[in-house]
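Engineer: Okay, handing you the structure first.
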Amino acid sequence: MSSFPTSLPTPRTPHPTDAPALRWGVLAPGWIAGRFVEAVKTHSGQRFVAVASRSAERAAAFAATFDIPRAYGGYAELVADPEVDIVYIASPHSEHREQALLAIAAGKHVLLEKAFTRNAGEAREVVAAAAAAGVFLQEAMWTRFLPHIDVVRQLIADGTLGEISTVIADHGQYFTPDAASRLFDPNLAGGALLDLGIYPVSFASFALGAPASVTAVGHQAFTGVDGQITAVLAAADGAQAVVNTTLFSKTPTTASISGSLARLEIAGDFYAPSSVSLYSPDGDRVNWSNNEIFGHEGLVFQAAAAARSIAAGATESELMPLAETLTIMETMDEMRRQVGVTFPGE
């Protein structure tokens, strides 16, 4: 095919070291918080000045590990710290609403881990509070800020794929069934969808926008949380996304977008720094490969993007706008409704 490109676009993603430095507070120092701090400290000039946990000992241990000067045994102390510009919230989904509202009420900017909240109602409450307070709020959907996704973004915008018809994305991991695990605990909003499935759902939203219809099937884990869900998300123009998530097996965790002129594929794990391949209908192929920041080191890009947005006076991200965060939450609410999963208190 004569018009098929010989190379893929260069990512427009600024290097994280170019972002203005903010003073960060970490709320809930679990595993993902550790990966976030490690990535941001290694690859940017952002500063971590405080950490808070319900356990003073846990906060102190995290502070010692990552050389953070202040550790608090309560969240209210952290959000009241005048040295903290922005709070990164890394607690289970069940706690996001309360903790985000706490930080917002204290006038802090917030980077809130995905899934944003348990459900769309809670998400709307947090978004409204941030708007009223005039503070910056961003969902920590790190995938949106990665260089390979900007390659995809440009291919879609340039019309290289033609008319998009099909999006396919999955994210499955195997977890040993354990009632004490966060992923299997309904009280902590466990299950595959909010923790893993949000990645393919968000990717489908990125490629096609909010779905006009949602059709989901699933299987509950032994604790009643969603163990596996597959859904077809149909756009108004007829395009369809097929998304799958599971706690029961390690899946390829890849993503693809197919159009009338070309197909692109993102290698697994597609939600982390990865490579992109573009295929013509005749079998021609051209690749773009990540060669700098790998794995969870990629968490730095969302932090740098937040810092740039705040320095520019923005209250939300252009790449992960709050209106889209809300529609993604609404899509996941509908998926859970169709498979019969609700969380305590909903």
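The values are calculated or read from the model by the stated rules, or taken from the named source; none is laboratory data. Bear in mind that the values here come from a model prediction, so they are computed numbers and not experimental data. Please note: Cβ atoms are built from the backbone with ideal geometry, for glycine as well, and neighbour counts cover all protein chains shown. When the accessible area is computed, the model is the full protein with side chains, heavy atoms only, and any ligands, DNA or RNA have been set aside. Shrake-Rupley method; radii C 1.70, N 1.55, O 1.52, S 1.80 Å.
Engineer: Using a Gaussian network for the chain with springs between C-alpha atoms less than 10 Å apart, which of these wobbles most: His148, His296, His171?
Structural biologist: His296
Engineer: For a quick check: with amide H placed at 1.01 Å from N, whose amide H comes under 5 Å from Ala212's, ignoring anything fewer than 5 positions away on the same chain?
Structural biologist: Distant-sequence amide H within range of Ala212: Ala234, Ala235, Ala236.
Engineer: Longest span of the chain, sites excluded, free of trypsin sites (Lys or Arg not before Pro) in DSSP loop with at most 15 other C-beta atoms within 10 Å?
Structural biologist: Details: sites that count: Arg12, Arg54, Lys250.
That gives 55-249 as the longest site-free run.
Engineer: List the lysines whose alpha-carbon lies under 25 Å from that of Lys41, not counting same-chain residues fewer than 8 positions away?
Structural biologist: The qualifying lysines are Lys108, Lys114.
Engineer: From the square roots a ≥ b ≥ c of the eigenvalues of the alpha-carbon gyration tensor of region 231-289, which class results: rounded (a/c under 1.5), prolate (a/b over b/c), or oblate?
Structural biologist: Numbers: a/c = 2.52, a/b = 1.13, b/c = 2.23.
Oblate shape, in that a/c is at least 1.5 and b/c is the bigger or equal ratio.
Engineer: Turning to a different aspect of this structure: With runs of 4+ DSSP H residues as the only contributors, calculate the mean residue ellipticity of the chain at 222 nm using -39,500 (n - 2.57) per run, divided by the residue total and rounded to the nearest 500. Intermediate values should be presented prior to the final figure.
Structural biologist: Values: 9 runs with 109 residues, N = 346.
When only DSSP H runs of four or more count, the value is -10000 deg cm²/dmol.
Engineer: Further question on the same structure: Plugging the Kirkwood radius over Cα pairs into Stokes-Einstein for the chain, at a temperature of 37 °C and a viscosity of 0.692 mPa s, what D comes out in µm²/s? Mind showing how you got there, number by number?
Structural biologist: Numbers: Rh = 20.6 Å.
It comes out at roughly 160 µm²/s.
Engineer: Per 10 Å bin, what percent of the C-alpha pairs of region 1-49 does each bin hold, from zero upward?
Structural biologist: Percent of Cα pairs in each bin: 21, 36, 19, 13, 10, 2.
Engineer: Now, a different point. If you restrict to DSSP beta bridges whose two residues both lie in the chain, what percentage is antiparallel, to the nearest 5? Could the numbers behind the result be given before it?
Structural biologist: Working: 33 of 60 bridges.
Taking every DSSP beta bridge within the chain, about 55 percent pair in antiparallel fashion.
Engineer: Further question on the same structure: How much accessible surface does Ile168 have with a 1.4 Å probe, in Å² rounded to 10?
Structural biologist: Estimated to the nearest 10 Å², Ile168 gives 90 Å².
Engineer: How much accessible area does Val84 have with a 1.4 Å probe, in Å² rounded to the nearest 10?
Structural biologist: Here the accessible area works out near 10 Å².
Engineer: Moving on to the next point. Considering Cα pairs under 8 angstrom that are at least six residues apart, work out the relative contact order of the chain and quote it in whole percent. Walk me through the intermediate numbers first.
Structural biologist: Numbers: 780 pairs, mean separation 70.1, N = 346.
Answer for the chain is 20 percent.
Engineer: Suppose we look only past 21 Å in the calculated P(r) of region 188-314. What percent of the Cα-Cα pairs does that tail hold?
Structural biologist: On the way: 4302 of 8001 pairs.
Result: 54 percent of Cα pairs exceed 21 Å.
Engineer: If you place +1 on the Cβ of every Lys and Arg, -1 on the Cβ of every Asp and Glu, and leave all else neutral, what size is the dipole of region 201-324 about its Cα centre, to the nearest 20 Debye? It would help to have the intermediate numbers written out before the result.
Structural biologist: Values: 4 positive and 11 negative charges, 35 e Å.
Taking the Cα centre of region 201-324 as origin, the dipole is about 160 debye.
Engineer: Dipole size in debye (nearest 20) for region 20-149 around its Cα centre, Lys and Arg Cβ +1, Asp and Glu Cβ -1?
Structural biologist: Numbers: 13 positive and 13 negative charges, 46 e Å.
It works out to roughly 220 debye.
Engineer: Report the longest stretch of the chain that contains none of the chymotrypsin sites (Phe, Trp or Tyr not before Pro) sitting in a DSSP loop with at most 11 other Cβ atoms within 10 Å.
Structural biologist: On the way: sites that count: Phe222, Phe294.
For chymotrypsin sites (Phe, Trp or Tyr not before Pro) (loop position, at most 11 other Cβ atoms within 10 Å), the longest site-free span of the chain is 1-221.
Engineer: Give, to the nearest whole percent, the P(r) tail of region 47-186 beyond 27 angstrom, counting all Cα pairs.
Structural biologist: Considering region 47-186, 38 percent of its Cα-Cα pairs are separated by more than 27 Å.
Engineer: Also: Work out the length of the dipole vector of region 289-346 about its Cα centre, built from +1 on the beta-carbon of each Lys and Arg and -1 on the beta-carbon of each Asp and Glu, and round it to the nearest 20 debye. Mind showing how you got there, number by number?
Structural biologist: Values: 3 positive and 9 negative charges, 16 e Å.
It comes to approximately 80 debye.
Engineer: Averaging over all projection directions, find the projected area of the Cα convex hull of region 1-125 and quote it in nm² with one decimal place. Walk me through the numbers on the way to the answer.
Structural biologist: Working: hull surface 42.4 nm².
Averaging across all directions leaves 10.6 nm² for the Cα convex hull.
Engineer: Turning to a different aspect of this structure: After finding the eigenvalues of the alpha carbon gyration tensor for region 266-346, what semi-axes result from the square roots of 5 times each, listed largest first in whole Å? Numbers along the way, then the final one.
Structural biologist: Values: eigenvalues 179, 114, 37 Å².
Equivalent ellipsoid semi-axes, largest first: 30, 24, 14 Å.
Engineer: Still on this structure, I have one more. Is the shape of region 90-139 rounded, prolate or oblate, going by the alpha carbon gyration tensor and its root eigenvalues a ≥ b ≥ c, with a/c under 1.5 for rounded and a/b larger than b/c for prolate?
Structural biologist: Numbers: a/c = 1.78, a/b = 1.43, b/c = 1.25.
It comes out prolate by the Cα gyration axes.
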